[in-house]
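Novice: The structure is given below, and queries will be raised subsequently.
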Amino acid sequence: MPKQNAVLAELTDILGEAGLITDEKDMEPFLYDWWGKCKGKTLAIARPADASQVAAVVKLCARERIAIVPQGGNTGLCGGATPRPEDGPCLVVCLTRMNRVRALDPYNQTMTVDAGCTLAMVQAAAQEADRLFPLSLSSEGTCQIGGNISTNAGGTAVLRYGSMRDLVLGIEAVLPDGTLWDGLRGLRKDNTGYDLKHLFIGGEGTLGIVTGAVLKLFPRPTAHATAWAALDGLDQAPVLLALTRAACGDRITSFEVCSRSELDLVYKHIADTRDPLEGRGDWVAMIELADMNGAQEQQELLEQAMGKAIEDGIASDVAIAASQAQSEAIWRIRHAVSEANVREGHSVSHDISVPLSAVGEFVRRADAALAALTENASRLVVGHAGDGNLHYILLFPHAVWQGFEPAERVRRAAAITAVVQDTALALGGSISAEHGIGAAHREELKHAKPAVELALMRAVKQAIDPLGLMNPGKLL
């Protein structure tokens, strides 16, 4: 206890009174994951105001052998930002106070930001400069850039702009010994050896704490067109995408799919949503085009493509938004999925990816293999089908799930997840497309990655964090 008090006093000296939370009640929100399933313990919540304070805190923790759990907006779905009780004393380092836009270069098309900036703040700053930062997530009002980088976030615009790995030019990070690495370079071409930033993008805070980043900006589209297309089967999705791409080129920004079972829950629970196609289609694809000008041209291109899709029997019906309000209403349906599912029951959810051509086959195989485990459950699917990322969900009504003994809940969820992940892997896919590994899928990663890849990852971890203090129990 005396040693702990000394550490807390030193942290207060580094961070000031406003930078350290020690009251148990005030720490509570930082100790649960987004699902509310995991809860950990911490010595305190450190809230540094800049990168130099982060470096000082990490140096102290390295000296005292205190583990560190980096935390951004705490919106992750794999427990990656939550301390684990079994890992012993740790310090949660939350970057919320680090929320400055450091620089914006409209001609280099870059923005340099603190890692604690929310995604919505970055989007707004880009828009003020008549530019676009294209990452788009349902949690964008809360999630932070450092967390987006650490999980290599994806979202609804990956089809056109790529994931976070494609949107970061440089990073600043504090290494496990407290060294501050300044890699904030806004260069598109720099062929001088290992591109070290990629170790931290998707590294889930296991190699250090990202404190800043240089982000790519793009010209801001001013014209959009949005369609809602009914499909009789998911196999039609890649066919529809190919047809739309041939007609519209790289104007396609998003290509999302939802099963009818998922949409019915949205309409049931979310009051301000309604079905544009009045229940037609077992599946629905949502397509959005965006360009710099020519709103009428975008609309006509999309109408022509969707007309051909109906003519060729790919889509059974299509609704095309006639106004910005109608487009926003369609997007509201898509973004309300998580909220509807939480209201309906307990989700055993997955974040897999497969080759785009295999999305229909994946669902067929998973459905068949899970028939014995789906009694009293609804099968829901929603995802970014344009890049092969599907969220395959089995949803149990709250009363049904609570009726299982705790051990049976664990067993059933593990059995379902094993089937879903094995099905994805058998089709050349991945067990995590955009959510990451965190604590939730660490054991599963051992079976999903070739041994040589895991060995290389462990070698990198050992070289950079030999004491194993950075986000223990996550990823590896």
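The values are calculated or read from the model by the stated rules, or taken from the named source; none is laboratory data. Nothing here was measured: the structure is a model prediction, and the numbers come from that model. Virtual Cβ from ideal backbone geometry, glycine too; neighbours counted across all protein chains shown.
Novice: Of the conditions (1) among the polar types (S, T, N, Q); (2) closer than 15 Å to Gly429 by Cα; (3) out of contact with any Ser or Thr (no Cβ under 6 Å at 6 or more places or on another chain), Ser353 clears all except one; give me its number.
Specialist: The failed condition is (3).
Novice: Sticking with this one: Quick one: His391 ticks every box in (1) part of a helix (DSSP H, G or I); (2) buried (at least 22 other Cβ atoms within 10 Å of the Cβ); (3) under 18 Å from the mean Cα position of the chain (by Cα) bar one, so which box is it?
Specialist: Of everything listed in (1) part of a helix (DSSP H, G or I); (2) buried (at least 22 other Cβ atoms within 10 Å of the Cβ); (3) under 18 Å from the mean Cα position of the chain (by Cα), His391 misses just condition (1).
Novice: Filtering region 371-386 down to residues that are in contact (Cβ under 8 Å) with a residue 40 or more places away in the chain and crowded, with 19+ Cβ neighbours inside 10 Å, which residue is farthest from Ala433 (Cα to Cα)?
Specialist: Ser378
Novice: Would you point out which residue out of Glu361, Glu444 is outside the structural domain of Thr151 (by TED's automatic domain parsing) and within 27 Å of Ser150 (Cβ to Cβ)? Don't jump to the end; show me each part of the working.
Specialist: Details: Glu361 fails: within 27 Å of Ser150 (Cβ to Cβ).
Just a single option satisfies the conditions, and that option is Glu444.
Novice: Condition (residue is in a strand (DSSP E or B) and either in the same structural domain as Asp105 (by TED's automatic domain parsing) or touching a residue at least 24 places away in the same chain (Cβ under 8 Å) (or both)) applied to region 193-203: is it met by at least one residue?
Specialist: First, pick out the residues of region 193-203 that are in a strand (DSSP E or B): none.
No, there is no match, as no residue in region 193-203 is in a strand (DSSP E or B) and either in the same structural domain as Asp105 (by TED's automatic domain parsing) or touching a residue at least 24 places away in the same chain (Cβ under 8 Å) (or both).
Novice: State the number of residues belonging to region 70-107 that are more than 27 Å from Ala126 (Cβ to Cβ), over 13 Å from the mean Cα position of the chain (by Cα) and either aromatic (Phe, Trp, Tyr) or not in a strand (DSSP E or B) (or both).
Specialist: 8
Novice: Please work out which one of (1) under 16 Å from the mean Cα position of the chain (by Cα); (2) more than 30 Å from Leu289 (Cβ to Cβ); (3) in a loop (DSSP other than H, G, I, E, B) is the condition Ala153 fails and give its number.
Specialist: Status for Ala153: all satisfied but (2).
Residue-wise test of (1) assigned to a strand (DSSP E or B); (2) closer than 30 Å to Ala271 by Cα; (3) without any contact (Cβ under 8 Å) to a residue 12 or more places away in the chain.
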site: Glu328; (1), (2), (3): no, yes, yes
site: Val342; (1), (2), (3): no, yes, yes
site: Ile352; (1), (2), (3): yes, yes, no
site: Ala358; (1), (2), (3): no, no, no
site: Phe396; (1), (2), (3): yes, yes, no
site: Trp401; (1), (2), (3): no, yes, no
site: Thr417; (1), (2), (3): no, no, no
site: Gln421; (1), (2), (3): no, no, no
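Novice: Right, here's the next one. Restricting to region 242-266, name every residue that is without any contact (Cβ under 8 Å) to a residue 24 or more places away in the chain and under 23 Å from Asp351 (Cα atoms).
Specialist: Answer for region 242-266, where residues must be without any contact (Cβ under 8 Å) to a residue 24 or more places away in the chain and under 23 Å from Asp351 (Cα atoms): just Asp264.
Novice: Looking at this structure, is Gly178 out of contact with any strand residue (DSSP E or B) (no Cβ under 6 Å at 6 or more places or on another chain) and surrounded by fewer than 19 Cβ atoms within 10 Å (Cβ to Cβ)?
Specialist: Details: out of contact with any strand residue (DSSP E or B) (no Cβ under 6 Å at 6 or more places or on another chain): yes; surrounded by fewer than 19 Cβ atoms within 10 Å (Cβ to Cβ): yes.
Judged against the criteria, Gly178 is a match.
Novice: Scan region 246-261 for residues that are in contact with a strand residue (DSSP E or B) (Cβ under 6 Å, 6 or more places away or on another chain), of a type in the set (D, E, K, R) and part of a helix (DSSP H, G or I) and report the count.
Specialist: Summing the residues that are in contact with a strand residue (DSSP E or B) (Cβ under 6 Å, 6 or more places away or on another chain), of a type in the set (D, E, K, R) and part of a helix (DSSP H, G or I) in region 246-261 gives 1.
Novice: Does Pro48 fit the bill of being under 16 Å from Gly19 (Cα atoms) and assigned to a strand (DSSP E or B)? So that I can check it myself, show each step before the final result.
Specialist: Values: under 16 Å from Gly19 (Cα atoms): yes; assigned to a strand (DSSP E or B): no.
No, not satisfied.
Novice: A further question follows. Restricting the search to region 276-295, which residues are touching a residue at least 40 places away in the same chain (Cβ under 8 Å) and in a loop (DSSP other than H, G, I, E, B)?
Specialist: Filtering region 276-295 down to residues touching a residue at least 40 places away in the same chain (Cβ under 8 Å) leaves 276-277, 280-295.
Pro276, Leu277, Arg280, Gly281, Asp282, Met292, Asn293, Gly294 - these are the residues of region 276-295 that are touching a residue at least 40 places away in the same chain (Cβ under 8 Å) and in a loop (DSSP other than H, G, I, E, B).
Novice: May I ask you to verify whether Ile287 is among the hydrophobic types (A, V, I, L, M, F, W, C) and farther than 23 Å from Asn341 by Cα? I'd like the intermediate steps shown before the answer.
Specialist: Details: among the hydrophobic types (A, V, I, L, M, F, W, C): yes; farther than 23 Å from Asn341 by Cα: no.
When the stated conditions are applied, Ile287 does not pass them.
Novice: Then there is this: When residues of region 409-452 are filtered for being in contact with a Lys or Arg (Cβ under 8 Å, 6 or more places away or on another chain) and closer than 15 Å to Pro355 by Cα, how many remain? Full working, then the answer.
Specialist: Pass one, region 409-452, residues in contact with a Lys or Arg (Cβ under 8 Å, 6 or more places away or on another chain): 423, 426-427, 437-439, 442.
Now restrict to residues that are closer than 15 Å to Pro355 by Cα: 423, 426-427.
Going through region 409-452 one residue at a time, the tally reaches 3.
Novice: Within region 314-322, is there a residue that is among the aliphatic types (A, V, I, L, M), under 21 Å from Pro238 (Cα atoms) and part of a helix (DSSP H, G or I)?
Specialist: Of all residues in region 314-322, those among the aliphatic types (A, V, I, L, M) come to 314-315, 318-322.
Adding the requirement that they be under 21 Å from Pro238 (Cα atoms) leaves 314-315, 318-320.
Imposing the further condition that a residue be part of a helix (DSSP H, G or I) reduces the set to none.
Within region 314-322, none of the residues are among the aliphatic types (A, V, I, L, M), under 21 Å from Pro238 (Cα atoms) and part of a helix (DSSP H, G or I).
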